[in-house]
1. Order these peptides, A:102-109, A:421-428, by their mean beta-carbon neighbour count within 10 angstrom, highest first.
2. Which percent, to the nearest 5, of DSSP beta bridges fully inside chain A are antiparallel?
3. Please calculate the 1.4 Å probe accessible area of A:ILE56, with all protein chains present, and give it to the nearest 10 Å².
4. Could you pull out the pairs from A:LYS241/A:LYS268; A:LYS387/A:LYS458; A:LYS268/A:LYS324; A:LYS311/A:LYS455; B:LYS68/B:LYS100; A:LYS241/B:LYS93 whose alpha carbons sit more than 19 Å apart here?
5. Taking a probe of 1.4 angstrom, what is the accessible area of B:THR59 in Å², to the nearest 10?
6. Sequence-distant or interchain residues sharing an amide H contact under 5 Å with A:ALA283, placed H: which?
7. Between the DSSP loop rule and a limit of at most 16 other Cβ atoms within 10 Å, which trypsin sites (Lys or Arg not before Pro) in the range A:209-267 are left?
8. About the Cα centre, and with charges only on the beta carbon of Lys, Arg (+1) and Asp, Glu (-1), how big is the dipole of the range A:1-68? Nearest 20 debye, please.
Amino acid sequence: MITIPYLTAVSTYFSYGLLFAFGQLRDYSRLIFDWCSTNNLQGYAPICLAHEDFYIRRLYHRIQDCFNRPISSAPDSWVDVIERYSNDNNKTLKRTTKSTRCLNLGSYNYLGFGSFDEYCTPRVIESLKKFSASTCSSRVDAGTTSVHAELEECVAKYVGKPAAIVTGMGFATNSAIIPVLIGKGGLIISDSLNHTSIVNGARGSGATIRVFQHNTPAHLERVLKEQIAEGQPRTHRPWKKIIVVVEGIYSMEGEICQLPEIVSVCKKYKAYVYLDEAHSIGAIGKTGRGVCELLGVDTADVDIMMGTFTKSFGSCGGYIAGSKELIQYLKYHCPAHLYATSISTPSAQQIISAIKVILGEDGSNRGAQKLARIRENSNFFRAELQKMGFEVLGDNDSPVMPIMLYNPAKIPAFSRECLRENVAVVVVGFPATPLLLARARICISASHSREDLIKALKVISKAGDLTGIKYFPAAPKKQEEEKDRIKLD
Amino acid sequence: MYVRALPTTDVNRNTEWFTYPGVWTTYIIIIFFSWLLVLSVFHCSPGMAWTIVHLAHFTVTYHSFHWKKGTPFGDDQGIYNRLTWWEQIDNGKQLTRNRKFLTVVPIVLYLIASHTTDYQHPMLFLNTLAVFVMVVMKFPHMHKVRIFGINGDQ
């Protein structure tokens, strides 16, 4: 639930209207200019339709320097951001050879495995020397090594399911597996804010897609009732299969899914539950086992658990965990398993070592420390930001915290001001978020120290004052100090 | 003064922004301020200014709602490429609150424009033509209809 000041909403619409109007005027003058000059298309069709890239050309390119910033070091808590300059008003950007060391608030480095780790990295280098960088084959041909088999067992045990299958790319896990699980005659009910990979997979499957209001089990129940009563479109036969797709932590909101209620609704109407734990596996829960552990949901109730290794484990790839029959079926039918190159062996070793560290099987308690630290860091940071008056989304314990910006002009202003003070933040606008709700998304890591967070808070507060995004009144500080003094006396 | 933004179920980002609070107010404010702008730039009578605003509103909304098809970004892989903005809004459902509001606004503008010009020609003729075309285009029966293939697909 987002609370917007009314004036901000009106001014944001007005700003976007102005930007679109100016873009349109520029397009018209370009049309008139190009009428005079000849085009050299040589009979080929143009690459994009006339208006498909309007947003990219006229709005995104104006503030291009805030996105896609190249880095030249590992994505640790501090990162080297390469400086870029532009001679033609941000239409093209050129890299320089200089880089600035910035505090990294944008990487999904939740447990700090994104850089050199004393347990994982030597084992990864050993595996690189033994198995080489790529398996050069798909899983069924020659791409399964002992490390892959160990990885699938390890992941299944960690997540709490009988078996698991691992693919080389997180996005492809969703977009290649959903078409295998369900086809025409089935129904997919997905949360309205699901990730593009799920949307792509659902569209590619050929099943009917219905959307329910974000994180609202009551609306999910209404949609389920309606759809089961109506049946398939036009023939009204009963649905062959119904899958409800939800995410553990929504990456743009930082909200944790209401899993117990959703699972009970799905059980009542006999629908399958597909849980995408890309951001929540390894980051929340007492032992890092994700949203099921945090909310106390039995893993046997969730039919298909999907996750990625890019966020908390510092590697690449994704997994699907489920019953033995399901994984056997996927191994025979999933194109990501049959035809795509298998995950590279050193990356697989990184995941195995990271899981060992998290569970404490490496002989130290670094895993438990990391999990405690990320929880502390996230709660501290979120509480401080809210005290300063920012509008921060997301639940407690979630390491993702979006700060609402709303106005399109504040997107580049906030991003550039933070970069000037050596803090690298990620800003997101339309169409990844709704038009009105542009935000700066902060990802906290276990490798951030308390000093890093305090510096980040100072910089964000200064940038927030300059851009005027403290939409809520700040919590009073002086009264608390006096109360403490009285207590001590 | 805060408002709550409830999450919508519209997956089409091109039309989803119209369901958030504040849009109707912004629309009316923009029309009112453009009337003030026209008055200050052209130094004409208020009635003439309302006529100019009405006709400009007709041109702009005709072009953006009923002529341009598809979405201004490529993320949705072109599934709305055959639909104009008016046909995409509210997932194609007819007679919703948003559609009724957007139909009433040109009618109210027409009434204001013809009242302030005292129903004189030629302004009355132009205004009437504009509002007639505007309202007919927004009928539920005109959903996905392309008269004589104008604005049809190649």
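1. In descending order of packing, they fall as A:102-109, A:421-428.
2. 60
3. Accessible surface of A:ILE56 is approximately 80 Å².
4. A:LYS268/A:LYS324; A:LYS311/A:LYS455; B:LYS68/B:LYS100; A:LYS241/B:LYS93
5. 80
6. Close amide H contacts, sequence-distant or interchain: A:GLY290.
7. Taking the range A:209-267 and a limit of 16 other Cβ atoms within 10 Å, the loop trypsin sites (Lys or Arg not before Pro) found are A:ARG234, A:LYS240, A:LYS241.
8. Details: 5 positive and 5 negative charges, 26 e Å.
It works out to roughly 120 debye.
The values are calculated or read from the model by the stated rules, or taken from the named source; none is laboratory data. Computed from a prediction, not measured in an experiment: that's the story for all the values here. Methodologically, a virtual Cβ is constructed for each residue, glycine included, from the backbone with ideal geometry; neighbour enumeration extends over all protein chains shown. Heavy atoms of the whole protein, side chains included, go into the accessibility calculation; ligands, DNA and RNA do not. Shrake-Rupley method; radii C 1.70, N 1.55, O 1.52, S 1.80 Å.
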